[in-house]
Amino acid sequence: LDLIPTKEEGKTNSEMKAINTNKIFIVHGHNEALKEKVARMLDNLKLEPIILHEQSDNGMTIIEKFEQHSNDVNFAIILLTADDFGNVKTEKKANPRARQNVIFEMGFFYAKLGRKNVFLLKENEVENPSDLSGIIYTPYDEQGAWKMKLVKYLRETGYKVSANDI
């Protein structure tokens, strides 16, 4: 597994790998309702959501399972939900944060797929990861504006999807 693909002359990581799969990896924490909303939307778009705990283990460790099932995806959706709390030692207030596995897997997919092929869907109160200033997050909203943003993002990265299917 090549975590940071070697770039071809003049091409970005995301341009190197043509879209040849309809599999989209969903990275999530404990917000089951949001995970299901995103997965069902992908189903409606005729894409295949890959959710790690739904895949067979085959005696693998979690990291082996993660590596295997992330191998044939070209796009990842990261759900940054308020599952944990944390703070800097000098601060008293604990802030809502995404789970550590979500942050780890977000970094993995940034390296593997390039930022263009990673969509960040974030609950408003969740603290932004500290080393990622300038990254654009799509806020999750109950009205569903995030769905249109995701469809647009997928289309811009080469997926043949239609907003009519959501």
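The values are calculated or read from the model by the stated rules, or taken from the named source; none is laboratory data. Small disclaimer: the values here were computed from a predicted structure and weren't measured. With ideal geometry, Cβ positions are generated from the backbone for all residues, glycine too; neighbour counts draw on all protein chains shown. Side chains are part of the model used for accessible areas, which takes the heavy atoms of the whole protein and leaves out ligands, DNA and RNA. Shrake-Rupley method; radii C 1.70, N 1.55, O 1.52, S 1.80 Å.
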Given the conditions (1) under 16 Å from Ile24 (Cα atoms); (2) touching a strand residue (DSSP E or B) at 6+ places or on another chain (Cβ under 6 Å); (3) free of Cβ contacts under 8 Å to residues at least 12 places away in the same chain, and given that Pro49 satisfies all but one, which numbered condition is not satisfied? (3)
Restricting attention to segment 21-48, report how many residues are among the basic types (Lys, Arg), surrounded by 14 or more Cβ atoms within 10 Å (Cβ to Cβ) and either outside any strand (DSSP E or B) or touching a Ser or Thr at 6+ places or on another chain (Cβ under 9 Å) (or both). 2
Please indicate, with yes or no, whether at least one residue in segment 89-104 is touching a residue at least 40 places away in the same chain (Cβ under 8 Å), in contact with a Pro (Cβ under 9 Å, 6 or more places away or on another chain) and closer than 12 Å to Pro129 by Cβ. yes
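Results for (1) at pLDDT below 95; (2) over 15 Å from Phe25 (Cβ atoms); (3) exposed (fewer than 13 other Cβ atoms within 10 Å of the Cβ); (4) out of contact with any helix residue (DSSP H, G or I) (no Cβ under 9 Å at 6 or more places or on another chain), shown as yes or no for each residue.
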| position | (1), (2), (3), (4) |
| --- | --- |
| Asn74 | yes, no, no, no |
| Val88 | yes, yes, yes, yes |
| Pro96 | yes, yes, no, yes |
| Asn101 | yes, no, no, no |
Specify which of the listed residues (Tyr140, Tyr159) is open to solvent by less than 40 Å² (accessible area, probe 1.4 Å), aromatic (Phe, Trp, Tyr), modelled with pLDDT of 90 or more and more than 17 Å from Lys23 (Cα to Cα). Tyr140
Unmet criterion (only one of (1) among the polar types (S, T, N, Q); (2) open to solvent by 80 Å² or more (accessible area, probe 1.4 Å); (3) free of Cβ contacts under 8 Å to residues at least 60 places away in the same chain; (4) more than 23 Å from Leu34 (Cα to Cα)) for Asn124: (4)
Only unsatisfied item for Lys89, checking (1) more than 11 Å from the chain's Cα centre (by Cα); (2) within 20 Å of Arg40 (Cα to Cα), is (2)
Selection from segment 20-61 of residues in contact with a Pro (Cβ under 8 Å, 6 or more places away or on another chain) and either under 14 Å from Val151 (Cα atoms) or acidic (Asp, Glu) (or both) yields Ile24, Val38, Ala39, Leu42, Asp43
